[in-house]
Amino acid sequence: MPLSALNDEQLSAATAPLGHNLIIASAGTGKTSTIVGRIAHLLQSGMEPQKILLLTFTNKAAGEMIARLERFFPKKVVSKIESGTFHAVSYRWLKALHPNLALKQPAELKTLFRSIYEKRNFERMNLSVAPFSATYLYEMYSLYQNASLEGFDVWFLEKYPEHEVLMDAYMHIIEEFEAEKEAYGFASFNDLLLRMKAHAEQSQIPFDEVLVDEYQDTNTLQSALIDALKPRSLFCVGDYDQSIYAFNGANIENIATFAKRYPNAKVFTLKTNYRSTAPILSLANRVIERNERIYPKKLEVGRHGKTHPPRLLMYNDLFEQYQAIAHSIKHTHVPNNDIAVIFRNNSSADGIEASLREMGISCKRKGGTSFFDAKEIKFLLDLLSLLVNPKDMMAFIHIFEYAGGVGSALSKEMFQCFLHFGQGSLRQGILSPIEKELPKLNPTKNVQLGLFDDDFEIGTATRFKHLELLPEVYAHPILKHPRLTQDGVKFFDRFYRFLSNIQYDDTPVKVLREALSSKLYEGIVEMLSTQRGRLKNGEMDEEKKKTARERIITKANLLLNLARPYRELGRFVNAMVLGGGELSEGEGVNLLTVHASKGLEFSEVYVVDLVDGRFPNRRMMSSIEEERRLFYVAVTRAKDKLYLSLAKYDKVKKAEYVPSQFLHEAGLIKGEFVEPVPKGKKKESA
């Protein structure tokens, strides 16, 4: 059984009485085994499985724990345990209550937000301060939802008091944004938690114990949701030394104040590390103990046998560093999949990736731009999403933003027009409009709120008589829209041709093949490859454009391959939207940001670009303590061999570097670190 494999400290935590229990699980100390053991203990003690809630930060982590439990308990019992990420669990509960709920990605909602923002003309308001952009205001609002339970205006003005003159306009944009989401049934990831919290506060959700993995990464909203669930017992597992998501709203105070917030709370510490060797743990301890100790602890070695001391690799030039690491990896006996190159900045990965591939070494990169975030893939998924849900205004806006002269606001108006033409049916309104006149679209003018729109005058289709359009398109009432451009009409013509070739019962593969061969997608490929083929001086590099085009086609074909097992378009779209972030591609050496490496382990680890300004990253850091926690996470990914690497000079930037302060703290470079003072253009320390 799971409990029999636990050591004394793990067993003590797993069998703790019901109550408020915090388990400080340092790197490599077996937190997953402890959580699995805890659930096994609850089941053996007679707790009904449906009364157990397991909250994790990835669905993969929840799946692995459930899979372990299925080795010891019947699947019909284990399947009753509610498990998954905060968002996935909330989505399941809310979807059962509101079947029309549509979860939208941040990029989609940002577009909706921008379409509302763009209706304002701040220039006419004679402001003494420049308004924030739509993107920044959206990001601030999203951060606020995670980080605060007070009003947005109060939270925002504490940070930006000079924007008080704009606060009414900002609040009106946010109120309209929330109203639009409610009208279309849209929900953001934050909304899932906010609505689940509200539901939990008003209804008794029957959980006897809530288990929370990676508790140090919870934000204020997630902590409030846990409290709203009101479980009889709480079992939180985390490590304050691995709290590295402050930039994303994570609140280290959740774990730091646990014992104060919950009377009679018990704190357990797992300190025996079974992952790394003694020299690696010694280095990690020397550095992390410089941070304030919230709960006293020190990693102890659980492994014995031959060890390799961490090695400092120092090179004269940045590119020389990358080439040397690639050469070292080529000649190691460790399998590529068990090797990781970890970096603080994405720019560090480019040189490593290029050097590895130059030597014919396969690699996979995580922590940079995701396959599912690529514009060419997002466009295809938006097409599929619109076919699955014709009321998906955000998918429509994303598609038509690629039309020349058609931005978010006009795309939204076109969507509303098509619904009007089809009397509520988007497909009818596009392919066979019933209504023939444009609806009234201009908003009420309000100077104080920055709401303006030009007088809406009906245009004429004769403006486009010289274009080669389908007769049905030329006769379409959307051509009367006064702000529709020639490029916009051409795009609509291509979209019309694509949509007319698609049937509701087509399989995902058939729809994607139709899309990939369409004039519509051909235009997207041409646009993106042209953008990526331009040099910094604006000139077109045909070879670069050709390479970009090949990469776009390769990615599109990969999506086609992912679609082959699916028979229903809806299931495929759901899998891509909800699971895309956790799909992995390819084999080879792992190229990882520190954040992406968390929770993983490898026999051989290289931590690169350990110079001041890059790691720690003084421009991006929230605090030196968090940068130190990032370093701690990076080095404790290593099981057997750890290499810490840096270069003294960058020939391209003509920049000199000094070793990171963490190398001084680790004892690999003698003497205390002294932060350098930049000297003109030839010194870089930021």
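The values are calculated or read from the model by the stated rules, or taken from the named source; none is laboratory data. All figures in this text were calculated on a predicted structure; none of them were measured in a lab. In this analysis, Cβ positions are derived from the backbone assuming ideal geometry, glycine residues included, and neighbour counts consider all displayed protein chains. Calculation scope for accessible area: heavy atoms of the full protein, side chains included, ligands and nucleic acids excluded. Shrake-Rupley method; radii C 1.70, N 1.55, O 1.52, S 1.80 Å.
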Determine the pairs where a residue that is without any contact (Cβ under 8 Å) to a residue 40 or more places away in the chain, located within segment 377-397, has a partner that is among the hydroxyl-bearing types (Ser, Thr, Tyr) and part of a helix (DSSP H, G or I) with Cβ atoms under 9 Å apart, the partner being 6 or more residues away or on another chain. PHE396/SER411
All helices (runs of 4 or more DSSP H) inside segment 7-85 with 3 or more residues being touching a strand residue (DSSP E or B) at 6+ places or on another chain (Cβ under 7 Å): 8-14, 31-44, 59-69
Would you mind stating whether ILE502 is of a type in the set (Val, Ile, Thr), under 26 Å from ALA409 (Cα atoms) and either open to solvent by 90 Å² or more (accessible area, probe 1.4 Å) or in contact (Cβ under 8 Å) with a residue 60 or more places away in the chain (or both)? no
Selection within segment 449-472 - open to solvent by 80 Å² or more (accessible area, probe 1.4 Å) and at pLDDT below 50: ASP454, ASP455
Check on VAL129, free of Cβ contacts under 8 Å to residues at least 60 places away in the same chain, in a helix (DSSP H, G or I) and aliphatic (A, V, I, L, M): no
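Please verify whether segment 631-654 includes one or more residues that are among the small types (Gly, Ala, Ser) and out of contact with any strand residue (DSSP E or B) (no Cβ under 7 Å at 6 or more places or on another chain). Break it down into steps so the answer makes sense when it comes.
As a first pass, look at segment 631-654 and keep what is among the small types (Gly, Ala, Ser): 634, 638, 645, 647.
Okay, now just the ones that are also out of contact with any strand residue (DSSP E or B) (no Cβ under 7 Å at 6 or more places or on another chain), so none.
No, that holds for no residue.
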When you check GLU180 against the structure, is it part of a helix (DSSP H, G or I), at pLDDT below 85 and more than 30 Å from GLU214 (Cβ to Cβ), yes or no? no
Just name the residue that is farthest from the chain's Cα centre (by Cα) out of those in segment 224-249 that are part of a helix (DSSP H, G or I) and under 20 Å from MET140 (Cα atoms). ALA224
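Residue check: is LYS436 open to solvent by 60 Å² or more (accessible area, probe 1.4 Å) and at pLDDT below 85? Step through it out loud before you land on a result.
Numbers: open to solvent by 60 Å² or more (accessible area, probe 1.4 Å): yes; at pLDDT below 85: no.
Judged against the criteria, LYS436 is not a match.
Which members of segment 591-622 meet the condition of being among the acidic types (Asp, Glu) and either over 22 Å from PRO309 (Cα atoms) or open to solvent by less than 10 Å² (accessible area, probe 1.4 Å) (or both)? Show your work before the answer.
Within segment 591-622, the first condition is being among the acidic types (Asp, Glu), and the residues that meet it are 601, 604, 609, 612.
Those that are among the acidic types (Asp, Glu) and either over 22 Å from PRO309 (Cα atoms) or open to solvent by less than 10 Å² (accessible area, probe 1.4 Å) (or both): GLU604, ASP609, ASP612.
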Restricting to segment 265-293, count the residues that are more than 21 Å from ASP8 (Cα to Cα), open to solvent by 60 Å² or more (accessible area, probe 1.4 Å) and assigned to a loop (DSSP other than H, G, I, E, B). 4
Restricting the search to segment 148-168, which residues are assigned to a helix (DSSP H, G or I), open to solvent by 40 Å² or more (accessible area, probe 1.4 Å) and not basic (Lys, Arg)? ASP153, VAL154, LEU157, GLU158, PRO161, GLU162, GLU164, VAL165, ASP168
So SER622 passes all but one of these: (1) under 27 Å from VAL334 (Cβ atoms); (2) assigned to a loop (DSSP other than H, G, I, E, B). Which condition number does it fail? (1)
For ALA102, work out the one condition from (1) modelled with pLDDT under 90; (2) out of contact with any Phe, Trp or Tyr (no Cβ under 8 Å at 6 or more places or on another chain); (3) closer than 30 Å to ASP392 by Cβ; (4) open to solvent by less than 20 Å² (accessible area, probe 1.4 Å) it doesn't fulfil. (2)
Please work out which one of (1) out of contact with any helix residue (DSSP H, G or I) (no Cβ under 7 Å at 6 or more places or on another chain); (2) surrounded by fewer than 15 Cβ atoms within 10 Å (Cβ to Cβ) is the condition GLN486 fails and give its number. (1)
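Answer yes if at least one residue in segment 169-183 is open to solvent by less than 40 Å² (accessible area, probe 1.4 Å) and free of Cβ contacts under 8 Å to residues at least 24 places away in the same chain, and no otherwise. Before the answer, list the steps.
Our first condition is that a residue be open to solvent by less than 40 Å² (accessible area, probe 1.4 Å); within segment 169-183, this holds for 169-170, 173-174, 176-177, 180-181.
Narrowing further to those that are free of Cβ contacts under 8 Å to residues at least 24 places away in the same chain: none.
Taking every residue of segment 169-183 in turn, none turns out to be open to solvent by less than 40 Å² (accessible area, probe 1.4 Å) and free of Cβ contacts under 8 Å to residues at least 24 places away in the same chain.
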Quick count over segment 308-319, residues being touching a residue at least 40 places away in the same chain (Cβ under 8 Å) and open to solvent by 50 Å² or more (accessible area, probe 1.4 Å), is 6
Over segment 237-251, the set of residues in contact with a Phe, Trp or Tyr (Cβ under 6 Å, 6 or more places away or on another chain) and either open to solvent by 10 Å² or more (accessible area, probe 1.4 Å) or modelled with pLDDT under 90 (or both) is ASP241
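Identify all residues within segment 188-207 that are farther than 27 Å from ILE244 by Cα and open to solvent by less than 30 Å² (accessible area, probe 1.4 Å); write none if there are none. Reasoning before the result, please.
First pass over segment 188-207, keeping only residues farther than 27 Å from ILE244 by Cα: 198-207.
Of everything in segment 188-207, those that are farther than 27 Å from ILE244 by Cα and open to solvent by less than 30 Å² (accessible area, probe 1.4 Å) turn out to be ALA200, ILE205, PHE207.
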How many residues, within segment 329-356, are open to solvent by 30 Å² or more (accessible area, probe 1.4 Å), at pLDDT 90 or above and within 28 Å of MET620 (Cβ to Cβ)? 1
Selection count where residues are in contact with a strand residue (DSSP E or B) (Cβ under 6 Å, 6 or more places away or on another chain) and not in a loop (DSSP other than H, G, I, E, B), scope segment 195-220: 8
